[in-house]
Structure formats: structure tokens, C-alpha cells
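The values are calculated or read from the model by the stated rules, or taken from the named source; none is laboratory data. If you're wondering where the values come from, they're calculated on a predicted model, not measured in any experiment. Cβ atoms come from the backbone with ideal geometry, glycine included; neighbour counts cover every protein chain shown.
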Amino acid sequence: MKIGAHVSTAGGIGKAVGRGQEIGCEAIQIFGSSPQSWAFKPVPGEQIESFKQGLADAGIGAVFLHAIYLINLGTPNPESLKKGIDSLIKYLDLAASLGAHGVIFHPGSHGGRGYEAVLPQAVDAIKEVLDSAPDGPCLAVENMAGMGQHIGAKFDELGGILEAVDSPRLKICLDTQHSFAAGYDLTNPAGIQAMLDELDAGPGSANVAAVHANDSKRVCGSGVDRHDNIGDGFIGGAGFAAIMANPAFADVPFLLEVPGFEGNGPDQQNIDILKEIRQQAGLSA
């Protein structure tokens, strides 16, 4: 179980490794471009080599890219859908160049049309992405918090997508705060097992490629996407102890997307809290 965080690539992608190392990361997540823009600039070869050498030197064992936030596989706009598909292909290309494990993305919103109405479009889009991208990195669809008209707030919806795409390269990223906001009680072992039972009935817990480890500023079932530092939110330290102790997550990297105790994003204190919980659970890195 590798523990890490989302880290900045400001100043060049190669600098992300050092930032992760500074806070004790064993795994990292990065953006490959501005998350709020369609623009994508190819990463120079020397930066890619610097990044890969930095990973080797630091001993960081898992790398994921997080796709931009503009992607919406449920959009009724063909131009926006095409831009989303192209963006995911570019990100998978970059992931392959970097030796990353995969690309995590938000599936978007059905815009009031309903999940069943947009499912064929989302499935066709994902198939096009996987057919056009190089072999290697997985594509991991993230569960959502249930705010508005999200696709994939419930695991049966993600299961429907994975079943229809039918590719071993399509995985899921489980966000703890999103799960909690969507009504899954992660504060105790029974609630976590209930979530896993639903997960196994849908996409399957074996298809979890990564966990976004985030506490919640809002109560269970709020439908609100608001991350908190580990132990400061409504999931709490006991909740994370129960999550990490569950055998389903023993070999899955945990990636922090928290505000940080000083408000500067994921930090060593959050990393250390998760490492201590891991140690108490008798798990190894």
C-alpha cells in the first residue's frame, strides 16, 4: 500500500518528483496540463527523462495523471465530447511516455437526461480513447460525490460502464470523500464492507486502481464535494483506520487530495497520519 499525494508540476514536470519526495510520498499524482483548460502542450523529451530518472532515484513506486476537469462524457455537445476524447488520448500518451500507471478522470454529468440516456455515448467515447491510446497505462473512472447530475456517484453506474466497455484497461479510482458524500458510511468496518459489497456487485473491488484519500467537510450523504484533512472531517481517523485495514485495499495506492494543515495542499503531516494508520494495521509500503 503506497501512500502519496497530488503534487504540483509548476516549473516543469520533472520538479513534481522532488515535491513529492519532500513530503514523504511513495506515490504521486500530477496534472499533465492546466486542469481548467483544453490547451495541451507536449512535454519536452528532456523533462520526461528527468521525471523518470527522478522517480527511480526517489524510489516512488506509483504514478497517476489526473485528467482535466472539463471532460464530460455525458455532454450533448459533440464538439465538447470530441475535445474530451482527444484530451484523454493525449493524457494516456503522456502517461505511457512517463511510465505512469494510469490516468484518472471524472466522467461528468448527464445534464438531466439521466444515466441510462448517456451511457451509450460514454461507453463509445471510452472505447475510442482506449483504441486510440498506446498500450500500458490504465484509464480509471472516478466515483463522484452526487452533486447535481453526476455520472458515477453510485457503484452500479460505474459497473455498467465497465461492463459495457469490457476492457481490462478500464479501472476505477475510489475517492473516499466522494463515496461518503454519495451516502456510503465509511466511518466503521460494517459501512465500508457494505460499500465493498455494492462495489463487487458492480465494477468489482479488484478493479480499484487507486484511492483518493480525502476526509470530508460535510456529513455522509450530503452530495457535496468538499475535502478535508485526514482526521479533521466527518470520516475521521477511525474511519481511515477501518478503510486501510480492509484487505480489499492492501495493494492499492492511497493518494491525498486534501487542503493541507496550512492550506497549501497535501503535506507531510497528512502523509504521516496515513503512514501511522498503515503501520497500526500491520501493512507494508
Checklist (1) surrounded by fewer than 16 Cβ atoms within 10 Å (Cβ to Cβ); (2) without any contact (Cβ under 8 Å) to a residue 60 or more places away in the chain; (3) closer than 15 Å to Gly4 by Cα applied to Ala250, failing item: (2)
Single residue of segment 68-79 satisfying the filter (in a loop (DSSP other than H, G, I, E, B) and either on the phi > 0 side of the Ramachandran plot or of a type outside the set (A, V, I, L, M) (or both)) that is surrounded by the fewest Cβ atoms within 10 Å (Cβ to Cβ): Asn77
Of everything in segment 88-126, what is among the β-branched types (Val, Ile, Thr) and either at pLDDT below 95 or not in a helix (DSSP H, G or I) (or both)? Give them in sequence order. Val103, Ile104
For segment 191-204, how many residues are over 16 Å from Ile161 (Cβ atoms), in contact with a helix residue (DSSP H, G or I) (Cβ under 9 Å, 6 or more places away or on another chain) and among the small types (Gly, Ala, Ser)? 1
Mind counting the residues in segment 128-152 that are outside any strand (DSSP E or B) and over 15 Å from Tyr91 (Cα atoms)? 9
Which of the residues spanning segment 16-46 are buried (at least 17 other Cβ atoms within 10 Å of the Cβ), not β-branched (Val, Ile, Thr) and not in a loop (DSSP other than H, G, I, E, B)? Ala16, Arg19, Gly20, Gln21, Ala27, Gln29
Can you find even one residue in segment 60-67 that is in a loop (DSSP other than H, G, I, E, B), modelled with pLDDT of 95 or more and not aromatic (Phe, Trp, Tyr)? yes
Taking segment 247-274 and keeping residues under 19 Å from the mean Cα position of the chain (by Cα) and more than 16 Å from Ala210 (Cβ to Cβ) leaves Pro259, Gly260, Gly265, Asp267, Asn270
